[in-house]
Amino acid sequence: MHLEPSMKQAVIRRTVRKFSETRLAPVTAEMDRTGFFPWDIAQEMADLKYFGLEIPAQYGGAGLETISHAIVIEEISRVNAAMGLCVAVHNGVSASPVYMFGNEEQRKRFLVPLATGKKIGTFCLTEPNAGSDASSLETSAVRNSKEYILNGNKVFVTNGGISGINLIFAAIQTDGERRRFSVYIVESEREGLEKGPVEELMGMRGNPVCPIVLRDCRIPLENCLGKEGEGLKIALTTLNGGRIGIAAQALGISQGCLDVSLKYAKERNQFGRSISEFGAIQNFLADMSTRIEAARLLVYRASDLKDKGLNHVKESAMAKVYASEVAVDATRMGLQIHGGYGYTKAYPIERFYRDAKACEIYEGTSEIQRMVIAKRLLNE
Ligand SMILES: Cc1cc2nc3c(=O)[nH]c(=O)nc-3n(C[C@H](O)[C@H](O)[C@H](O)COP(=O)(O)OP(=O)(O)OC[C@H]3O[C@@H](n4cnc5c(N)ncnc54)[C@H](O)[C@@H]3O)c2cc1C
């Protein structure tokens, strides 16, 4: 058992940290305030292969293993959670399924632009009446001899406002057969695909999360990802990996929160001494740090299992539920350390607090993660 990062992983962390602090940190507050997406910085990230982290070099990616992928997401999110979300969703649940389930032709047409960051990807599962229960989705796909015709409404699409390639989950309508789902790759410029207004989110601002509406959207038969009817399998497999990315995102938010809270605790004086000398403040710092380390081990453990090709369903769910709850707790404690100033926009802690909450919701709520864990335990 190796608990130390390899030389390569340590270098990746240092490099991404430097990039995040020099390029992302200066725009984080403005992204949060105005919701703008920094295309120029995204281009630099594309040049660094952050949009093709685990995709092999032959398709334009960096060919990293999952632990390094998690480190990249963690370090970006430590400074800018909205960009962390962009990269986590793009890599984890958009580029990854196109690589895993796409045929060679689809990899050339769709994976290469995704991995090189020329197009940003989405994963469109949630609908107004299908959230935790994705199997109740209503978006339909009707097949004729040359194309599919898609109709339906997708909501909460991360990266929606900036996407070029969208993975749309829809139920295929065939006479007399039971309802089956498939995944359809739909380019943003296709007629019949419309993007709704960007959501006014509590956190993760700067990531343009929006609805996507499909109205008689016609796509060629070659745009069905994997086999027709494999949608549920693709969704579950993809989310198992994607959850490690969200756990890494939560970990980065927690670490960023601890770093600014430590700094503030050392700088702030009350009763004639630094507040870091008070036991109550030290308890917050000790609890935050201990839980962050525990979350980090869970994230790397799930990543390691995935890298070894072993089952990681339970471990991904554990990493996701634990790391996201640590992020919510750590940001609450961090805000408390900052006192009244933490409740203002003068310090980044209130943004961490808002950003953290989303990690408990997307790619399966904490309640759904617990169901996944319990189901595996009971079946083992
Ligand atoms: C910022 C953001 C970005 C997102 N990005 C994407 C995206 O890119 N793609 C995408 O497809 N979706 C995305 N989502 C949607 C997200 O995945 C869903 O919001 C989430 O799965 C929950 O669905 P819901 O909101 O419909 O809540 P519901 O399913 O209605 O759940 C409401 C509450 O009931 C609980 N609940 C539901 N069923 C059970 C059960 N069986 N047992 C116990 N409790 C239960 C839930 O845990 C929750 O607390 C995003 C959401 C947000 C907020």
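No lab work stands behind these numbers, since they all come straight from the coordinates. Please read these numbers as outputs of a predicted model, since none were measured by experiment. Heads up, the Cβs are rebuilt from the backbone with ideal geometry, glycines too, and the neighbour counts pull from every protein chain shown.
Using only the alpha-carbon atoms, how far is helix 279-307 inclined from the longest principal axis of the chain? Give it as 0 to 90 degrees, nearest 10.
Tilt relative to the chain: about 30 degrees.
Helix 366-379 against the longest principal axis of the chain: what's the angle in degrees, Cα atoms only, rounded to the nearest 10?
So the helix axis and the longest Cα principal axis differ by about 70 degrees.
Based solely on its DSSP helices, what 222 nm [θ] is calculated for the chain when runs of n ≥ 4 H residues each add -39,500 (n - 2.57) and the sum is averaged over all residues, nearest 500 deg cm²/dmol?
-15500 deg cm²/dmol, from helical runs alone.
What per residue convex hull volume, in Å³, comes out for the range 157-250 when only alpha-carbon positions are used?
Taking only Cα atoms, the range 157-250 has a hull volume of 124 Å³ per residue.
Compute the whole-percent fraction of alpha carbon pairs in the range 29-147 spaced more than 18 Å apart.
58
Based on Cβ point charges of +1 for Lys and Arg and -1 for Asp and Glu, what charge dipole magnitude is obtained for the chain about its Cα centre, in debye rounded to the nearest 20?
Once rounded to the nearest 20, the dipole reads 460 debye.
Taking the Cβ-Cβ separation of Glu104 and Thr290 as r and a Förster radius of 51 Å, what is the calculated FRET efficiency to the nearest 0.05?
0.60
Tabulate in residue order the Karplus-calculated ³J(HN,Hα) for the range 145-158, using 6.51 cos²θ - 1.76 cosθ + 1.60 with θ = phi - 60°, rounded to whole Hz; enter x for Gly and Pro.
Listing the rounded values in order: 5, 10, 7, 9, 10, 9, 9, x, 10, 9, 10, 6, 8, 4 Hz.
On C-alpha positions alone, give me the angle between the axis of helix 231-267 and the longest principal axis of the chain, in degrees, nearest 10.
20
With the chain treated as a Gaussian network of Cα nodes joined by springs under 10 Å, which of Ile349, Ile234, Ile275 yields the largest mean-square fluctuation?
Between Ile349, Ile234, Ile275, it is Ile275 that shows the largest mean-square fluctuation.
Taking springs between alpha-carbon atoms closer than 10 angstrom, which of Ala170, Ala82, Ala134 fluctuates most in the Gaussian network model of the chain?
Answer for the Gaussian network model of the chain: Ala134.
Starting from the Cα of Leu3, step 7 Å along the direction of its Cβ; do the same at Asn129; then give the gap between the two resulting points in nm.
5.1
Rounded to a whole number, what is D in µm²/s for the chain from Stokes-Einstein with the Kirkwood radius over alpha-carbon pairs (10 °C, 1.306 mPa s)?
Estimated diffusion coefficient is 75 µm²/s.
Using per-residue counts of other Cβ atoms within 10 Å, averaged over each peptide, order 63-73, 48-58 from highest down.
Put in order of decreasing packing, that is 63-73, 48-58.
Search the structure for amide H atoms under 5 Å from the amide H of Leu225, placed 1.01 Å from N in the peptide plane, and list their residues when 5 or more places away or on another chain.
The answer is Val183, Tyr184, Ile185.
Based on the mean of other Cβ atoms within 10 Å per residue, sort peptides 186-194, 106-114, 202-210 so the most packed one is first.
Top of the packing list down: 202-210, 106-114, 186-194.
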